[in-house]
Every structure is written in structure tokens, then in C-alpha cells.
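Q: Can you read through this structure? Questions will come right after.
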Amino acid sequence: MTEAARAAAMSPSGLSGQSAVDDLVALLDLERIEENIFRGVSPAESPVRVFGGQVAGQALVAAGRTVPAERRVHSLHSYFIRPGDPRVPIVYEVDRIRDGRSFTTRRVVAVQHGKAIFALSASFQLEEQGVEHGSPMPAVPDPESLATWTESAAGYGLHTSKFPRPIDVRYVTEPPWESREDGPGEAASRVWMKADGKLPDDPMLHICIMTYASDMTLLDGVLAKHGVYWGLDKVVGASLDHAMWFHRPFRADEWLLYDTASPSASGNRGLATGQFFSRDGQLVATVVQEGLIRVLKPSGDDE
């Protein structure tokens, strides 16, 4: 990470649009401090803990910096171990597990205050040709016909202007902060999303930004099923693990449909699955995550 990139990452120049996208690119431009050790920072304006998509995206960047460019990442599996502290840098330690003929495996541990906060394993592959099929994309309205996240969230007290939003998100289904007013609903969510500006022509960067964005709305189906939402109800939550499979090339600065659902919730954990489709209907990535979901009783309720 250059000094200019670090300054941009730590001092966001805008809340949306190209400037916010440029700041996200800078955030993912890690500083190499040794052969297999990298350092990343968090934005100056951050929640009380590091956003899970940020640490996952940065960890994948660290892994990718140790792999030849012709080997594309095809999957990642990760665990969120401790809350990240946005006030201090995150150190990413890369273990070069294997370099095979076709596949390369890397393991990354993110460290703060001398303790692991996140662990990721990623697999990379030389491009090969073979059998092809993919799930069809559901029929949905065009993203241009839908309200922006800020327009949808206006009037709900969701801090629409507090933190940078480099990802343009537009709900196809009713946003969970609206659907909660009608009580429990369907355990599903569909949104269009893309970087809110132009990105460089680096395929690995586009995958890392998708990884960042994939954590933004994935648990919406869990919340919608129970008629609650972050900040509006007494809900405590956190990502526990996160897995992704990348099937086909895509650009993260072009519209992607993120179709998510929650097949199960139990033990204060909610499971969510997601599929990313390019605008021409190609299935480009699949996501699975389990998250901590604790819906607390209002104070004064009987035990």
C-alpha cells in the first residue's frame, strides 16, 4: 500500500459514487511488509467493529498477492474468530500450503493485538475447459427502475449518510426494514448490486470487491423471516463463517443480481445461501454463510 493509498483508505473522500469506490480500491491495496505478510487498515468512518466483508476481501487480496495471475481463485472458506478493531491495522499472514500443477492453495490468518480475528483458505486454478451448466436467473425488474438504498432507507433511522457506501444496492424484494412492519415474512431477499463507479481491469480486484459486497445483505432473509432488523429491533448478530465459489468471470462494477435465502435458523444461528447472476443471466458465484442471530427480549419482559 502506498502512502497515498493508505491516506485515501483512512480518510474517505466521499460517501458514494466514484470517490467511495476509489477509497474501497485503496482499502484493498494492502501493504506488503514481508514476503508472506501484509497489512491493511480500516476506514476512518467505521462501525464499532471491522465489517466482515472488509476483512474477508483484504484476506483474499493477501492470498492472491502470492499466486501467479494466471491462476484464478475459484473458492474460499473462512471463519470469523474475533471482532476486528477498526482503530488499528490488521496483519495478514499467508501460508503457502501447496502449489500444484493445476491448483494452488493458500491459508491466511488475520491478526490484531497478537490474536487471530479471521482465518481464510482459498484455492486457485489454472483455467480449464469442461462441462458447463448453471442455474437460471429469476425474472426481476431492471435495477434502474428500483430505488437506491438511501432512498429506500430514508426515514427509518438507518444512518443513511454516516458511513461510506461504495456499493450501489437496490432491493428487488421489499427491504427487511419495511417488511418487518408486517411481521414475519419470507426467508429470502433479492437485490441488484455493483460498485458505485468504475473499477480497474483487474479480475482479482473484482472478485475481492464481490467478496466485500457479499456480506452486506446475506442475512436479510433470516431477519425477514422473523420480522426484525438491525438497529430497529433488539437484534445482536455477527458473521460466523463465509464460503464462496466463483464460477465464471464478471465485473463488480456492472450490475449483479444477488438472490439469497435462509433455509434454517436454530441455536441462535441463521444459515443463508446466495447466488450472484450477471445481468445476462449467467450464474457467476455462490455464497453460503452462517451468522449469529440473537433476538433479545425487550427490557421488562418476563423470562
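Q: Roughly how big is the range 4-117's charge dipole about its Cα centre, with Cβ charges of +1 (Lys, Arg) and -1 (Asp, Glu), in debye to the nearest 20?
A: Numbers: 15 positive and 12 negative charges, 90 e Å.
That gives the range 4-117 a dipole magnitude of about 440 debye.
Q: If I stretch the segment between residue 294 and residue 33 completely, what's the gain in nm (0.36 nm per residue apart, minus their alpha carbon distance), one decimal?
A: Working: separation 261, 0.36 × 261 = 93.96 nm, distance 3.88 nm.
My answer for the length gained is 90.1 nm.
Q: If each residue of separation counts as 0.36 nm, what is the full-extension length gain between residue 116 and residue 45 once their alpha-carbon separation is subtracted?
A: Working: separation 71, 0.36 × 71 = 25.56 nm, distance 2.32 nm.
Result: 23.2 nm gained on full extension.
Q: Moving to a separate point now. Averaged per residue, what accessible surface does the range 50-94 expose to a 1.4 Å probe, in Å²? Can you show the working numbers first?
A: Working: 1810 Å² over 45 residues.
For the range 50-94, the solvent-accessible area averages 40 Å² per residue.
Q: Looking at 237, 192, 216, which one has the Cα that reaches farthest to the positive end of the dipole of the range 185-276 (charges on Cβ: Lys, Arg +1; Asp, Glu -1)?
A: Among 237, 192, 216, the one farthest towards the positive end of the dipole of the range 185-276 is 237.
Q: If DNA, RNA and ligands are ignored and the probe is 1.4 Å, what is the ranking of 276, 250 by accessible area, most exposed first? Mind dumping the intermediate values first?
A: On the way: 276 0, 250 35 Å².
Accessible-area ranking of 276, 250, largest first: 250, 276.
Q: Counting Lys and Arg as +1 and Asp and Glu as -1, what is the net charge of the other residues whose Cβ lies under 12 Å from the Cβ of residue 147?
A: -4
Q: Amide H of residue 165 versus every other amide H placed in the peptide plane: which residues, excluding those fewer than 5 positions away on the same chain, fall under 5 Å?
A: Correct list: 16.
Q: What's the center-to-center distance, using Cα atoms, between the range 214-278 and the range 66-118 in Å?
A: One Cα centre to the other: 22 Å.
Q: A further question on this structure: What three numbers, in Å, describe the spread of the alpha carbons of the chain along their principal axes, ordered from the longest?
A: 56, 46, 38
Q: On to the next question. List, in order, the whole-Hz ³J(HN,Hα) value for each residue of the range 206-220 obtained from phi through the Karplus relation with A = 6.51, B = -1.76, C = 1.60 and θ = phi - 60°; use x for Gly and Pro.
A: For the range 206-220, the Karplus curve yields 5, 5, 5, 6, 4, 4, 4, 6, 5, 8, 6, 10, 5, 8, 4 Hz.
Q: Applying the Karplus parametrisation 6.51 cos²θ - 1.76 cosθ + 1.60 with θ = phi - 60° to the phi angles of the range 21-33, what ³J(HN,Hα) value in whole Hz is obtained for each residue in order, glycine and proline being reported as x?
A: Coupling constants for the range 21-33: 5, 4, 5, 5, 4, 5, 4, 8, 8, 5, 8, 7, 10 Hz.
Q: Let me ask something else about it. Once a ≥ b ≥ c are taken as the square roots of the eigenvalues of the Cα gyration tensor of the range 124-209, is the result rounded (a/c under 1.5), prolate (a/b larger than b/c) or oblate (a/b not larger than b/c)? If you can, show how the numbers build up before the last one.
A: Details: a/c = 2.58, a/b = 1.51, b/c = 1.71.
It comes out oblate by the Cα gyration axes.
Q: Net charge near residue 97: determine it from the other residues with C-beta under 13 Å of the C-beta of residue 97, scoring Lys and Arg +1 and Asp and Glu -1. Mind showing how you got there, number by number?
A: On the way: positive: 96, 98, 106, 107; negative: 93, 95, 99.
Spelling it out: positives minus negatives among the neighbours equals +1.
Q: Here's something else I'd like to know. Once amide H atoms are placed 1.01 Å from N in the peptide plane, what residues at a sequence separation of 5 or more from residue 75, or on another chain, have their amide H within under 5 Å of its amide H?
A: Amide H neighbours of residue 75, under 5 Å, 5+ apart: 123, 246.
Q: State the number of lysine pairs found in the chain whose Cα atoms come within less than 26 Å, restricting to pairs 8 or more positions apart or on distinct chains. Write out the running numbers ahead of the final one.
A: Numbers: 162/194; 162/198; 162/234; 194/225; 225/234; 225/297; 234/297.
Final tally of qualifying lysine pairs is 7.
Q: Treat every Asp and Glu Cβ in the chain as -1 and every Lys and Arg Cβ as +1, leave all other atoms uncharged, and give the resulting dipole magnitude about the Cα centre to the nearest 20 debye. List each step's numbers first, then the result.
A: Numbers: 30 positive and 40 negative charges, 172 e Å.
Magnitude of the dipole: close to 820 debye.
Q: I'd like the accessible area for residue 174, computed on protein heavy atoms only with a 1.4 Å probe and all protein chains in place. Round to 10 Å², please.
A: Its accessible surface works out to 100 Å², give or take rounding.
Q: Still on this model: If I ignore ligands, DNA and RNA and count only protein heavy atoms, how much of residue 121 is accessible to a 1.4 Å probe, in Å² to the nearest 10?
A: That residue has around 50 Å² of solvent-accessible surface.
Q: Not counting ligands, DNA or RNA, and with a 1.4 Å probe, what is residue 127's accessible surface area in Å² rounded to the nearest 10?
A: Approximately 150 Å² for this residue.
Q: Something else: Give the value in nm², to one decimal: projected area of the alpha carbon convex hull of the range 86-145, averaged over all directions. Could you put the intermediate results ahead of the total?
A: Numbers: hull surface 34.7 nm².
Result: a mean projected hull area of 8.7 nm².
Q: Right, something else. Toward the positive end of the charge dipole of the range 118-176, about the Cα centre and with charges on Cβ (Lys, Arg +1; Asp, Glu -1), which of 134, 158, 120 goes farthest?
A: 158
The values are calculated or read from the model by the stated rules, or taken from the named source; none is laboratory data. Here the structure is a predicted model, which means the values were calculated and not measured. A quick note on method: Cβ atoms are made from the backbone with ideal geometry, for glycine too, and the neighbour counts reach across all protein chains shown. Heads up: the accessible areas ignore ligands, DNA and RNA and are worked out on the full protein's heavy atoms, side chains in. Shrake-Rupley method; radii C 1.70, N 1.55, O 1.52, S 1.80 Å.
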